[in-house]
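K.L.:
First, the structure itself, so that you have it in front of you.
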Amino acid sequence: MKKKKLPLFIVKWLSYEYWPFWLFFMPLVPWWIYLAIRARSFTYFTAANPGIEHGGVFGESKIDILKKIDPKYLPKTLFFKKLTPCEIVTHELKNIQLEFPIIVKPNVGERGNEVEKVENVAALDRYIKRSKEDFIIQEYVSYDIELGILYYRFPDSDKTGITSIVTKEFLTVTGDGKSTIRELMECNDRARLQLESMTKRLGAALNEVIPEGEKRNLEPIGNHCRGTKFLSGMHLLNDQLVNVFDDVASGIDGFYFGRFDLKVKSVEDLYKGENIKILELNGVTSEPAHIYDPSYSLFRAYKETAENMMMMYRVSKANIKQGVKVTPVFEMARLIKTHFGREKNETVNQSMTT
């Protein structure tokens, strides 16, 4: 007898991991207001990273941030203006000896939107023609370990630290020699939530039967909105790791608070500061993503998020004392309207393309 499955909308509501961003953070609004009153500014957080536009709230240029990072920590990376002909793009790829597969992502974006692993020239051409944004191409880093490390440092002291480490478990299925990929996905709630998008992307490939015992990675992009399981990696935190990211961050002008999304070859290399490839650096809207570990309670998630907000407040306040200006409230309101209006248009355009 088959196990009865919960409707997907119930699965989503039972786990805060799948809640809309605004819904999860709504109970923390009074805490934000309290911090804003203490800072005497409702946009105090924009002072956290004076080297990133508006502190990295949203709308910041990924390539501008990546250029601040020591190249030894970066995968091969290229930037292109929107609708750059595919022939020019492929020519530049050859110039730096960057081969497929590659990662293509919008220069401005968040939560894994429009990030794709592209396998060949035809798929790259389709991506370029579909996207109406400037875009970045990065070397596909095949290291098994992907992490998000939320780091802070104070501008007026040598105090530094890490408030969050998340490890990422990619969406996979294990073959039994009889079931199709679709049938295997139907047996797991996390995979079921991705079935509609996977059907659009993979089509008939979901009918493949995987040999018994073989594991198949279905989603190469490490974002929990795309099926990746986020697990707490706080057990990795020690002084040695903080020292590594002190070195990484020390050369990034105007950066004091944010999350490094990276891949590393091994935990041993992580502690040595070797074989680290930083995919992105996000600013003040970086979440302490380890809170999405399925073993966490909602109360614990809120507690640790509030503590993270306090640290961001302290860093921002220290920068304000150093003379850093915050984004005016009316300017922030305009940015919010523009940003979410843009997101809505992107959603409509993606639906029409599909």
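The values are calculated or read from the model by the stated rules, or taken from the named source; none is laboratory data. Given the structure is predicted, the values throughout are model-derived calculations rather than measurements. Note: ideal-geometry Cβ built from the backbone for every residue, glycine included; neighbour counts use all protein chains shown. With ligands, DNA and RNA removed, areas are computed over all heavy atoms of the protein, side chains included. Shrake-Rupley method; radii C 1.70, N 1.55, O 1.52, S 1.80 Å.
K.L.:
I need the peptides 281-293, 298-310 ranked by packing, meaning the mean over residues of other C-beta atoms within 10 angstrom, with the highest value on top. Before the final figure, lay out the partial values.
P.N.:
Details: 281-293: 22.3, 298-310: 15.5.
Going by the mean number of other Cβ atoms within 10 Å, highest first, we get 281-293, 298-310.
K.L.:
For a paramagnetic label modelled at 7 Å from the Cα of residue 201 toward its Cβ, which residues of the range 209-241 fall within the zone defined by backbone nitrogen distances under 15 Å?
P.N.:
Residues passing the 15 Å test: 216-229.
K.L.:
5 Å is the cut-off here: which amide hydrogens, built 1.01 Å from N in the peptide plane, fall below it relative to residue 164, excluding neighbours closer than 5 in sequence?
P.N.:
Sorted by chain and number, the residues that satisfy this are 150.
K.L.:
Of 159/325; 68/303; 76/200, which pairs sit farther than 27 Å apart, going by alpha carbon to alpha carbon? Spell out each step's value before the answer.
P.N.:
On the way: 159/325 22 Å; 68/303 32 Å; 76/200 30 Å.
Beyond 27 Å between Cα atoms: 68/303; 76/200.
K.L.:
Spin-label point model (7 Å from Cα, Cβ direction): what's the residue 33 to residue 240 distance in nm?
P.N.:
Each label point is offset 7 Å from its Cα along the Cβ direction, giving 4.7 nm.
K.L.:
Nearest 20 debye, what's the magnitude of the dipole of the range 127-181 about its Cα centre given +1 on Lys and Arg Cβ and -1 on Asp and Glu Cβ? Show your work: numbers first, answer last.
P.N.:
Numbers: 7 positive and 9 negative charges, 55 e Å.
Charge dipole of the range 127-181: 260 debye, to the nearest 20.
K.L.:
Ok, one more. What percentage of the solvent-accessible surface of the chain, computed with a 1.4 Å probe over protein heavy atoms, is contributed by carbon and sulfur atoms?
P.N.:
55 percent
K.L.:
Mind listing which trypsin sites (Lys or Arg not before Pro) in the range 32-94 are in a DSSP loop and have 11 or fewer other Cβ atoms within 10 Å?
P.N.:
Details: sites: 38, 40, 62, 67, 68, 72, 76, 81, 82, 94; in loops: 40, 67, 68, 76, 81, 82.
Here the trypsin sites (Lys or Arg not before Pro) that fit, given the DSSP loop and packing criteria, are 40, 81.
K.L.:
What's the extension gain from residue 156 to residue 329 if we count 0.36 nm per residue and subtract their Cα-Cα distance? It would help to have the intermediate numbers written out before the result.
P.N.:
Values: separation 173, 0.36 × 173 = 62.28 nm, distance 2.58 nm.
Gain on stretching residue 156 to residue 329: 59.7 nm.
K.L.:
Where the centre of each part is set by its Cα atoms, how far does the range 101-140 sit from the range 7-77, in angstrom?
P.N.:
Distance between centres, Cα-based: 22 Å.
K.L.:
Work out the P(r) tail for the chain: percent of alpha carbon pairs separated by more than 34 Å, whole number.
P.N.:
On the way: 17664 of 62481 pairs.
Cα-Cα pairs of the chain separated by over 34 Å account for 28 percent.
K.L.:
Mind scanning 5/105; 62/168; 81/117; 129/168 and naming the pairs with a C-alpha gap bigger than 27 Å?
P.N.:
Numbers: 5/105 35 Å; 62/168 21 Å; 81/117 19 Å; 129/168 31 Å.
Over 27 Å Cα-Cα: 5/105; 129/168.
K.L.:
Same structure, new question: Give the accessible surface of the range 81-190 per residue, rounded to a whole number of Å², with probe radius 1.4 Å and ligands, DNA and RNA excluded.
P.N.:
49 Å²
K.L.:
Same structure again: Under 18 Å from a point 7 Å along the Cα-to-Cβ line of residue 92: which residues of the range 106-135 have their amide N that close?
P.N.:
Residues passing the 18 Å test: 106-109, 115-135.
K.L.:
What does the helix-only formula give at 222 nm for the chain: each DSSP H stretch with n ≥ 4 adding -39500 (n - 2.57), the total divided by the residues, and the result rounded to the nearest 500 deg cm²/dmol? Don't jump to the answer; show the numbers that get you there.
P.N.:
Numbers: 13 runs with 133 residues, N = 354.
Estimated from H runs of four or more residues: -11000 deg cm²/dmol.
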